[in-house]
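Trainee: Got a structure here, written out as structure tokens. Questions coming.
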């Protein structure tokens, strides 16, 4: 990996920072955040502005360019990558280290008095704007919105914004029609006494209208906004996709229906002016509901007194609780996904000893097996296929420069998943194709104990996921070990593989309480730099638990694994498991045999079935 | 309990709310918070203004009186008590229930347009002022500071502010001189580039100067403020206590010493004007450090641009980490406390079957035994002595109306503690003096499992206490049980029995990471309304843990119990314990025998020693 040469680009950027064509007054600094106008985690190529200007293409990072300096803030996952990808024009700001200044503090330290700091108001979330603006103002500077994105003005070969065809999802997939979703949303709006709701997150637009797209890799979403009034529905979307007959029929665009369900289709780019018109026409006490992560531009369109901001929108919360149709879809998707992985692992078991399988080949083979399954759409994220020391790089993705050959002497970690029309999968298995060392087995077993502790946990209704995080670490902590990432994230239903508002993490963020129907991942790990990585991940469904007593009639919850892929017993030191843990593994493998075995049989995949049966032999604990 | 008749008082208060002698403009509402000017948890009688105006004397509650209404906000612990103590003039606002309005929302709903809401700026913390002021302003009202406390103007027989003699603590108790504490504080101030630090919490003043008082029951503190500059020390304190020779010598008031250690003693009431003078004399970049919980009055004395506010002050954080002298003192205090409790429980075992011991008699007897121990000062909180159904009232304190006789048929819960000159104790034991039922034993054993899970937990350096809370609940959760309070709080060293900045609670507050030397309580419980209460509480010291591995060289921590009082084995269902848990109990009891046994022997308390030996027989688990 050689760094991107950015001298000329930075020169151009610094010119436009003073060019009256783009800025009212020259800006002494320009901020280039990671995200897009929808605060998406995964972004389209046309939105990779920070990567364009700096060369650094990790998933998280903020660039700031002043007349003299160019600096990049990123976190521990990306220190090495950013250092490799950026040239000497750039200073790497390692977030999380004690001596690293915040963006605000750094700006204050380098800017001349009374400076203007520019940022694209469509890209910066309102809450970030507020924080940064306050800090700059108290030091005598100003954060100013620059309407035209300055990177776009110098990005001559910037790719076009994708505008791909849409998929319509019928009731058998979604369980609830878009009309009923609108009705439910309006009732939430009425509860909070708001007249308008602005849908800015791409997965929320997709979920609300039971539509899917492919504008962004791995996330089945499409570029759009929506503004829902008590009697109006406005959908802001570009291209001729609204001309597609199935889409027109799905949205009933040509039907005569009650005016409150009539969808007005408007150009994607008209959201700001339309929202400004809404803002200008509000009567006192008419509030507009937005996520507090919505862009500064859209938030500002509504006068402050009329804004109703919440960290999670009612759509985000409703979307997290899967209904029966979605749950059944997720189950089906996970069975198909397990079939693909049984095929893959059976194939790897035969091929790895030959020394011809690289990380990339293994990842491609996984995709090939998945693509043979019904309703497969695409992968749900870039496959992490890593062996030996590469496994210790938590967000590793094999590229030709790092591609390593799988062997019978190293641990192999595969974290992968797919989008099927009926559900989204995300599974990690850690395997050894030779004989693992006692130490590797010991570490694997601690991780497994943590995985089971979460998966089998029983907890009261209303418990927030972060209260379960330590269960996953306890066995590792007892031996002085740990892992530096959260334990789980919400998973969408044929939607984003990472979604809010619930999760399992030691980081106390505003997670919403877990409730039956929510779906999260359970993925503790252990990573030894330079040696190996271990992670065991299932996607699990929150379900009611039967308990002996029922304190205050609150009811209890637990998890049901949706992922049904064998956990390699060769890696387990059975003597470190309690009887209860051993029974959990055996019961899990019994279910894998029963459910996935039947599907392998049905698909006539007899060799993979043989592998499944071998890999799910019950463990026996020494008495 | 008959309610306080408040008709006349409310009439008087509503008159002064319009009286130009006290208010510049009439206020349409007046807020009466719980606290004192130092945001203390325990307050002096002269500060019980909310109890005076309403009759409700629970530890938490806020009264608001308007021209038409009088309303009281309190939490679930006090719904019953508040309902009993208040007359019909008052509306009880049950916090935590869904339909209960916030104080701001309620004010907005009842006030006429453009109202003024008054509050004593010395009583309301700055962060609360900010929140409330913003909410009122956005609805067209104003929060205004009313300098003279309006309750005080109508409280004709208000008790005087206490002004009791001080105790000086020498190095053998404190480990660090007040001069060295000032030096350390100034170095923290230099790090943050602040020129002044304002000490507002009473326990912080006491800790800083190695002084103790008795102005507030249970808390060995005294009314004072301090303002520490880089070269000056100002102590704001009333009465002739500074004339006491030992105090003068301790503070070196009559010595010629370096000017930066010369303490200027000033009247308690002059803090505001002195701080305003500091505020007026600041040069640019000279900041003043305050807790964000300091009163609005003192915070406002410093112009906004010069304030440096943090949730926890450097004193709060330094105070939490006990040094060797303090730790040794705490150990000694806990041994003496255990001696007193062995005497008590031995006595109860003999007396309870006679049917003559009430909750109050038992509490008094506990105090009597404690007062026989060296360096005993007072109790550290009101003893919770509760039997049968009273045990289920978490913050119960026996009074004649509720006083119940202990019997061999009911569970007895005793949560009590004392202030010794060398340390503060807080211990809960739950006993049965007859034969507990299988269900009572089952519940007790789950609570014990939770207690052990926290006490024996090993966790990385830097872990925050709230990450351990679920360990205490896991065994209860498995059976559908739980308890509705946190698991632990910080404990002072001959200081407040509740102190920040660490704790163990599911409530995610900004707790500071645990570090070796911190002291917290470990007190899970289970409460069955109308039947019984169970709680097992030890005070535990955070200590380094030896582990097999050491991930990232972070080091690990665990707890050492300071409390050494037997846990009644009669209440334990041994079959529900794991081997590890059983060993923990046996090792704990072995230590009680060894350490407390030796002290009982030394004090010639042979009968209590006999009780200790009987109660610490090792448990045997069926194989």
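A short reminder: the numbers here are calculations on the coordinates, not readings from a lab. All values derive from a computational prediction rather than experimental measurement. Glycine also receives a Cβ, built like all others from the backbone with ideal geometry; neighbour counts cover every protein chain displayed.
Trainee: Taking only the alpha carbons of the stretch B:166-320, what extent do you get along each of the three principal axes, in Å, biggest first?
Mentor: Each principal axis gives a Cα extent; for the stretch B:166-320 these are 41, 31, 30 Å.
Trainee: So the label point goes 7 Å from the Cα of residue A:552 along Cα→C-beta, right? Which residues of the stretch B:92-124 then have their backbone N under 17 Å from it?
Mentor: B:94-100
Trainee: Something else about it: Using a 10 Å cut-off on Cβ to Cβ distances, tally the other chain neighbours for every residue of A:91-102 and report the average as a whole number.
Mentor: 0
Trainee: Another question, if that's okay. Under a point spin-label approximation (7 Å from Cα along Cα-to-Cβ), what is the residue A:243-residue B:242 distance to one decimal in nm?
Mentor: About 8.7 nm separates the two model spin labels.
Trainee: If you don't mind, another one. Quick one: which of A:546-555, A:470-479, B:422-431 comes out on top by average Cβ neighbours within 10 Å, and what's the full order, highest first?
Mentor: Those peptides, ordered most packed to least, come out B:422-431, A:470-479, A:546-555.
Trainee: Can you give the Rg to Rh ratio of the protein assembly as shown, both from alpha-carbon atoms, with Rh computed by the Kirkwood formula?
Mentor: So for the protein assembly as shown, dividing Rg by the Kirkwood Rh gives 0.97.
Trainee: Let me ask something additional. If the convex hull of the alpha-carbon atoms of the stretch A:321-615 is projected onto planes in all directions, what is the mean projected area in square nanometres?
Mentor: 14.9
Trainee: Taking only Cα atoms, what is the 0 to 90° angle, nearest 10, from helix A:579-591's long axis to the longest principal axis of chain A?
Mentor: 80
Trainee: To the nearest 0.05, how large is the calculated FRET efficiency for residue B:87 and residue B:356 if R₀ is 41 Å and r is the Cβ-Cβ distance?
Mentor: 0.65
Trainee: Taking the Cα-to-Cβ direction at residue A:261 and at residue A:59 and moving 7 Å from each Cα, how far apart do the two end points lie in nm?
Mentor: According to this spin-label approximation, the distance is 3.8 nm.
Trainee: Would you calculate the separation in nanometres between label points at residue A:105 and residue B:622, each defined as 7 Å from the Cα along the Cα-to-beta-carbon direction?
Mentor: Once both label points are built, they end up 6.1 nm from each other.
Trainee: Now a separate question. Every other copy gets compared here: list the nm distances from the residue B:180 label point (7 Å along Cα to Cβ) to its counterparts, shortest first, one decimal.
Mentor: In ascending order, 7.1 nm.
Trainee: Considering all alpha-carbon pairs of chain A, what whole percent are spaced by more than 30 angstrom?
Mentor: Value for chain A: 58 percent of Cα pairs lie more than 30 Å apart.
Trainee: Shifting gears a bit: Please sort A:86-99, B:372-385, B:454-467 by packing, taking for each peptide the average over its residues of neighbouring beta carbons within 10 angstrom, highest first.
Mentor: B:454-467, B:372-385, A:86-99
Trainee: Report the relative contact order of the stretch A:227-385, percent, no decimals, based on alpha-carbon pairs under 8 angstrom and at least 6 residues apart.
Mentor: Computed value for the stretch A:227-385: 14 percent relative contact order.
Trainee: Let me ask something else. What 222 nm value per residue comes from the helices of chain B, counting each DSSP H run with n ≥ 4 as -39,500 (n - 2.57) and dividing by all residues, nearest 500 deg cm²/dmol?
Mentor: Computed ellipticity for chain B at 222 nm equals -9500 deg cm²/dmol.
Trainee: If the label for residue B:550 sits 7 angstrom from Cα along the Cα-to-Cβ line, what are its distances to the same label in every other copy, in nm to one decimal, shortest first?
Mentor: 5.1
Trainee: Over what distance in Å are the Cα centres of the stretch B:574-623 and the stretch A:1-44 separated?
Mentor: Between the Cα centres of the stretch B:574-623 and the stretch A:1-44 lies a distance of 70 Å.
Trainee: For helix B:606-615, report the angle its Cα long axis makes with the longest principal axis of the Cα atoms of chain B; keep it between 0 and 90° and round to the nearest 10°.
Mentor: Once rounded, one gets 80 degrees.
Trainee: In nm, one decimal, shortest first: how far is the label point of residue A:231 (7 Å from Cα along Cα to beta carbon) from the matching points in the other copies?
Mentor: Distances between equivalent label points, in nm: 7.3.
Trainee: In square nanometres and to one decimal, what's the mean projected area of the convex hull around the Cα atoms of the stretch A:1-140?
Mentor: 8.6
Trainee: Given contacts defined as C-alpha pairs under 8 Å and at least six residues apart, what's the relative contact order of chain A, whole-number percent?
Mentor: 10
Trainee: Count, for each residue of B:460-467, the Cβ atoms from other chains sitting within 10 Å of its Cβ, then give me the mean as a whole number.
Mentor: 3
Trainee: Relative to the longest principal Cα axis of chain A, at what angle does helix A:178-191 sit, 0 to 90 degrees, rounded to 10?
Mentor: 70
Trainee: Order by neighbour count: B:23, A:497, A:574, A:539, fewest other Cβ atoms within 10 Å first, most last.
Mentor: The order, fewest Cβ neighbours first, is A:574, B:23, A:497, A:539.
Trainee: Rounded to the nearest Å, what's the spacing between the alpha carbon centres of the stretch B:543-572 and the stretch A:374-412? Just the number, please.
Mentor: Measuring centre to centre over Cα atoms gives 39 Å.
Trainee: Across peptide A:473-479, what mean number of C-beta atoms from other chains lies inside 10 Å of a residue's C-beta?
Mentor: The per-residue average across the peptide is 6.
Trainee: Which distance in Å, rounded to a whole number, links the C-alpha centroids of the stretch A:112-178 and the stretch A:273-337?
Mentor: Result: 16 Å between the Cα centres.
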